[in-house]
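The values are calculated or read from the model by the stated rules, or taken from the named source; none is laboratory data. The shown structure was predicted, so the numbers you read here are calculated from the model rather than taken from an experiment. Reconstructed Cβ throughout: ideal geometry from the backbone, glycine too, with neighbour counts over all protein chains shown.
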Amino acid sequence: MTNKYFLDESGNTGDLVKLPADINFANQPFFSLSCVKVESCEDLNEYIEALKKKHKVQGDELKSKNLYKSKPKFIIDLFHYIKQENLPFYVEVVDKKYCITTSMVNHQIVPPYFQQFDNEQQAIGFGNELADYLAEHLPLKCYDAFLKHV
């Protein structure tokens, strides 16, 4: 039997190519990616169709922005199905500003050839702590300057 994977994202990637860059990311500061492994698409389809009838959900595509506030019990029931069927899943959430900050640290402030540490573990630890601090305290004009040269 061939397994199927359902993969979807939420939150636009942000438009950093266009200047001036929007460090606010159009009010979507996070990006998420999720994946669920399904052994039987037929069982899942039947369950979703039953859920759609139960919660009076119309349309072919399930959009979380349409369901989150108006039909939260639909989402809860879907999560119960994932748990009940013991379906493996993966979720990744990215703070876009923090991602840019780590890029600044790893490529500009503490590049790989910067040899101030006894080992790689110390360098990684320092870079992570610095990125944590900068993500909270770095003025937006610094991000603007960085993004103009990316």
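Of the residues A26, A50, which is aliphatic (A, V, I, L, M) and surrounded by fewer than 11 Cβ atoms within 10 Å (Cβ to Cβ)? I'd like the intermediate steps shown before the answer.
Details: A50 fails: surrounded by fewer than 11 Cβ atoms within 10 Å (Cβ to Cβ).
That would be A26, the only listed residue that is aliphatic (A, V, I, L, M) and surrounded by fewer than 11 Cβ atoms within 10 Å (Cβ to Cβ).
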Return the pairs, sorted by first residue and then second, in which the second residue is outside any helix (DSSP H, G or I), the first residue lies in region 28-57 and is among the charged types (D, E, K, R), the beta carbons are less than 7 Å apart, and the residues are 6+ apart or on different chains. K37/N3; K37/Y5; K37/L87; K37/P88; E39/M1; E39/N3
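This table checks each residue for (1) surrounded by 14 or more Cβ atoms within 10 Å (Cβ to Cβ); (2) out of contact with any strand residue (DSSP E or B) (no Cβ under 7 Å at 6 or more places or on another chain); (3) among the basic types (K, R); (4) assigned to a helix (DSSP H, G or I).
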{"residue": "K69", "(1), (2), (3), (4)": "no, yes, yes, no"}
{"residue": "K73", "(1), (2), (3), (4)": "no, yes, yes, yes"}
{"residue": "P112", "(1), (2), (3), (4)": "no, yes, no, no"}
{"residue": "A135", "(1), (2), (3), (4)": "yes, yes, no, yes"}
So, first residue small (G, A, S) in region 108-125, second residue part of a loop (DSSP other than H, G, I, E, B) and surrounded by 10 or more Cβ atoms within 10 Å (Cβ to Cβ), Cβ within less than 6 Å, six or more apart or across chains; the pairs are A123/F117
Test: residue in region 94-108 that is part of a loop (DSSP other than H, G, I, E, B) and either at pLDDT 95 or above or touching a strand residue (DSSP E or B) at 6+ places or on another chain (Cβ under 9 Å) (or both): no
